[in-house]
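In what follows, a structure is listed as structure tokens, so that the remarks can point back to it.
The values are calculated or read from the model by the stated rules, or taken from the named source; none is laboratory data. Keep in mind that what you see is a predicted model, and the values were worked out from it rather than measured. Virtual Cβ from ideal backbone geometry, glycine too; neighbours counted across all protein chains shown. These area figures cover heavy atoms from the full protein model, side chains too; ligands, DNA and RNA do not enter into them. Shrake-Rupley method; radii C 1.70, N 1.55, O 1.52, S 1.80 Å.
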Amino acid sequence: MTASPSAPTVFLVDDDVQVLKAQARLLREHGFKTDVFESAETFLAQHDAAAPGCLVLDVNLPGLDGLALQRRLAQVGSSRPIVFLTGHGDIPMSVQAIKAGAVDFLTKPVAGATLVAAVRAGAAQDAQARQAMGEIATLRQRHAILSPREREVLAGLAAGKLNKQIAGELGIAEATVKFHRARLMERMQARTVAELMHLAARLEL
Amino acid sequence: MIKSVASTQRPRGPERYSAATWIRARPCTRNVFPLIVRTESGLDGSVTARRLPVFAVRCGAGRCLCAPVWLLLLGLLSASPSVLAVTPHNVLVIYSNSRLLPATVEGDRGLVEGFAARPDLTVAVSAEFLDQPRFSGEAYERTFVTYLREKYAAHPPDAILTGSNEALDFMLRHRAELFEHVPIVYMAVASTYLQSVSPLPADVVGTPLTYDFLGTVEQALRWHPAAGRLVVVTGTSRWDREWEASIRAQVANLRHGLSIDFLAGLPIAELQQRLRLLPTRSIVFTPGFFRDGSGREFTPREATRLIAAASSAPVYATYSPFLGTGIVGGRMANIDAMGRLGAQTAIALIEGADPAALRMPAAMPTPLQVDWRQLRRWGISARAVPADAIVRFKEPTLWEAYRNLALIGSAVMLLQAGLIVALLLERRRRRRTVAALARSEQHMRLAAQAASLSTWIHGGDTVDATAPERGSRHADDAPGPLVDFRDTLARISPQDRAVVDTALRDALDTNGEFEVEYRIEAPDGESRWYSARGRADHAQAPRLLGVAIDVTQRKRAEIQAEQDRAALYHMTRVSLLGQLSASIAHQLNQPLASILGNAEAAQKMLEREPVDLPELREICADIVAEDHRAAQVIRRLGVLFKRGEPLFEPLDVNELVRDTIEFTRSILTTRHVTLAMHLAPALPPIAGDRVQLQQMLLNLIVNAADAMAELPEDRRVLTIATTLDAGAVRLSVADRGPGVPVEALEKLFEPFWSTKAGGMGMGLAICRSIVEAHRGSLLVTNAPAGGAEFCALLPALASP
């Protein structure tokens, strides 16, 4: 079955070619695109970070192993969800993986349904993450067009200060503060002050 | 005056002449040789002599011819006169006295020998005897002359020989009327007589005879220096008186102080009496005599015999025929030599020699002749006898008579003695050997009993064995002390029979030694173990010598130990596999995961149309392959878990390494250990037990991985290498850990010695015992670059 162009890509990393081949087949049958790598190093060097989808990663890899790869991805800010697969798993290993944000920790041989479910979850998580990343970017663009006085007022509002307090700190009239507030709410596309506060929180102001 | 002995002899009583024929066969180197046939007769018989060439057959071995053969040949030849073509030379011999007189016989023998010495001549010898003094007188002589003349008219002699003075005298007197120009050779003529008749005609020749009285007496006095008395014994006849006179004339020449007595003309009895009473320091001389004082007549030889028999003093004489009558001896001519000389002279004359030119000796030699027996009797030392003396009647000593026999006998006795000595020595040696053997056997029996040994010999057709009286099952099973090794061979457990057969045959073929252990099936079903050890012995027939010992106890202990060891190995192996369980699970889960993935993919593919058949086929092929892979893992694992007897088989060490690595690959990955393998290509196989060696290798790998746990991940490198090293395969496992502390190097392989918390300390001990069971060695060294290297050297089966 040919995956649709919008289908998420599953990146598979395993040193066992046969396993790689079988799982890629299975996932393709479930509508995923697949991209296989025989080592963590190859994956790092060659994978398409922009492609949506998740990573199915074998823990036991010669050289850079699965957990190390997870750490490495986190370091470079990748949020690609990881489904761990292992021939033999132990609890400390799975705890470590999950704490580091793994979608799931599965042991081989894994049932197709389990794997597909995990991959779907991973893909969904990736999609969400990608969506969230998109909203923040819009907010940042809106925030970028605010005047410096408007940003100062927004920062004061985000800190929970009253208009009077802000006017006092800025040395302007309270009415002027109200004016700026109305103007920036319009520019940030916030209908209420509560919504503006939420947006400010997302922008980590 | 010296008388001719021959002429003085007178025959006793009437004598009849009968023809006496004797044959002398003188073998010679030619096939044809002469034969003298001689017929003698007196006046009343015809006298013929002829000499015939006769073909004689020589005997191969001896030189004698049988008389009957000769007679037969003679008869044949007589019957054919044509053979007698040669005219014989006639020789006539005239003797003055009787034919039987000893001197005549002796002279005649010499004469015949003299003629026979010339076998090329045919000589007919006739002999005539005047028989004086018994027959004498003119009428007799006349008749005798007439007889001779008429008898020899037809065969006139070519030469005439005379014996004694009287015969020469007769012939000289009647020569003109008998055989006037026939040459005469005289014999036995005294020189004194010759002087009386000289000068003789030129054709009358001969050699006179002398009687050396003085020489004889002087010799006697030399032998008896103490003798003070010489007794001369003579008779009463004319001849005797002449002898007496001659001696009396000569005694004056004898030394002074010697008293000389003449016992002349005594009757024989009185004479003998006187001779018996002679004082000891006397010597007696006698010429013999013809008549004693009583008128009784004797031959001089007989008289001498009586004298010598009676005399208490040694008797000497000068006449060779007296030798043997009891006289000691004297200087005397040989009468037979005289005959031979006569014959030679006659032959010379017949052959036409000039009588005047003949060189005749001046006199017959008178050598000293002695009777050896008398020398002994009178105590005359052999040393005192001159070297040129002729010793008669010498009894050959035993040595002389039986020299060869004695030599052979002595040699035989010596050999026999030697043999006896050798046999005695041999017997002694043998006794010692037997005793030593008995002792040795006793010791051996004792030793064999103590050790429960049975000994046996196995060779060719003979197989026997001895067993100690008790203690050995060999002996218990046997009815007697001997064990038939063939029975033993037959009872060897079928499992071991081939091994025993091969070992025995190899030992026989290579003339070497063998050692083999085998089981004997006991009737009760329980088998017992024996160890046989021995060697081939080709000294005689090819055979094997050896001992067998019951090693059941040892063997059981060994088997128990083997089982214990196997159990320990198994236990540690299982424990090791437990450590590796995660790795093994991974190893097994990989193919399972692959299979499952493929299978589910296939299921999914089948849910929609159209089915991608090529893809489906590929999936199925992958499933099958992965299933095989899983089965392979399980099989390898199963072998490791199995608890079985060691099985030694040819192994490829590289393959063993690769198989083993599969179980550890995962654990090495987990521990971030990088594996480096340097496997030499084309290694020769080794004989080994796969499971044990894998166990050893697993152990070494896990140890190496453990040793590097503290290292940074990038330095965790484990190197497995194989090389061929002087006929051994070298398998090394090296880590880069801290290495083995020097003080631990020795203890490392000891059981229950461990550096690991919770470690049992059996791993390396077992590794080493495994390698040693493979006749190899396991060593550990600290590498210069750091880390420990464990190295197993395993003997290769053959060079690649």
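Some observations on this one:
- Breaking point among (1) at pLDDT 90 or above; (2) open to solvent by 10 Å² or more (accessible area, probe 1.4 Å), for B:Leu358: (1)
- Restricting B:Ala707, B:Ala676 to those that are within 26 Å of B:Tyr569 (Cβ to Cβ) and open to solvent by less than 60 Å² (accessible area, probe 1.4 Å) reduces the list to B:Ala707.
- When each of A:Ala132, A:Ala121, A:Ala155 is tested for being exposed (fewer than 14 other Cβ atoms within 10 Å of the Cβ), touching a residue at least 24 places away in the same chain (Cβ under 8 Å), small (Gly, Ala, Ser) and away from chain B (no Cβ under 14 Å), the lone residue that passes is A:Ala155.
- Residue check for A:Ala49: surrounded by 15 or more Cβ atoms within 10 Å (Cβ to Cβ), part of a loop (DSSP other than H, G, I, E, B) and either under 19 Å from the mean Cα position of the chain (by Cα) or within 10 Å of chain B (Cβ to nearest Cβ) (or both): no
One line per residue, one yes/no per condition, for (1) without any contact (Cβ under 8 Å) to a residue 12 or more places away in the chain; (2) open to solvent by 90 Å² or more (accessible area, probe 1.4 Å); (3) not basic (Lys, Arg):
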{"position": "B:Ser381", "(1), (2), (3)": "yes, no, yes"}
{"position": "B:Val391", "(1), (2), (3)": "no, no, yes"}
{"position": "B:Pro396", "(1), (2), (3)": "yes, no, yes"}
{"position": "B:Trp399", "(1), (2), (3)": "yes, yes, yes"}
{"position": "B:Leu414", "(1), (2), (3)": "yes, yes, yes"}
{"position": "B:Ala417", "(1), (2), (3)": "yes, no, yes"}
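- Restricting the range A:96-110 to residues that are within 21 Å of the chain's Cα centre (by Cα) and open to solvent by less than 70 Å² (accessible area, probe 1.4 Å), the residue that is farthest from the other protein chains (Cβ to nearest Cβ): A:Gly101
- Selection status of B:Thr280, more than 30 Å from B:His89 (Cβ to Cβ), of a type in the set (Ser, Thr, Tyr) and open to solvent by 40 Å² or more (accessible area, probe 1.4 Å): yes
- Identification of helices (runs of 4 or more DSSP H) wholly contained in the range B:563-673 with 2 or more residues that are open to solvent by 40 Å² or more (accessible area, probe 1.4 Å) and away from chain A (no Cβ under 13 Å) yields B:613-641, B:653-670.
- Residues in the range B:744-762 include none that are of a type outside the set (Lys, Arg), under 30 Å from A:Asp65 (Cβ atoms) and not in a loop (DSSP other than H, G, I, E, B).
- Selection within the range B:108-124 - assigned to a loop (DSSP other than H, G, I, E, B) and open to solvent by 50 Å² or more (accessible area, probe 1.4 Å): B:Ala117, B:Arg118, B:Asp120
- Pair list, Cβ < 7 Å and 6+ apart or interchain, from the range B:762-783 residues that are under 15 Å from B:Gln694 (Cα atoms) to residues that are of a type in the set (Val, Ile, Thr) and crowded, with 22+ Cβ neighbours inside 10 Å: B:Leu778/B:Val771
- Boolean, A:Thr114 is part of a helix (DSSP H, G or I), away from chain B (no Cβ under 14 Å) and hydroxyl-bearing (Ser, Thr, Tyr): no
- Subset of the range A:16-33 [more than 8 Å from chain B (Cβ to nearest Cβ) and either within 24 Å of B:Gln587 (Cα to Cα) or more than 20 Å from the chain's Cα centre (by Cα) (or both)]: A:Val17, A:Leu20, A:Ala24, A:Leu27, A:Gly31
- Search result, residues across the range A:1-15 that are within 13 Å of chain B (Cβ to nearest Cβ) and surrounded by 23 or more Cβ atoms within 10 Å (Cβ to Cβ): A:Val10, A:Leu12, A:Asp14
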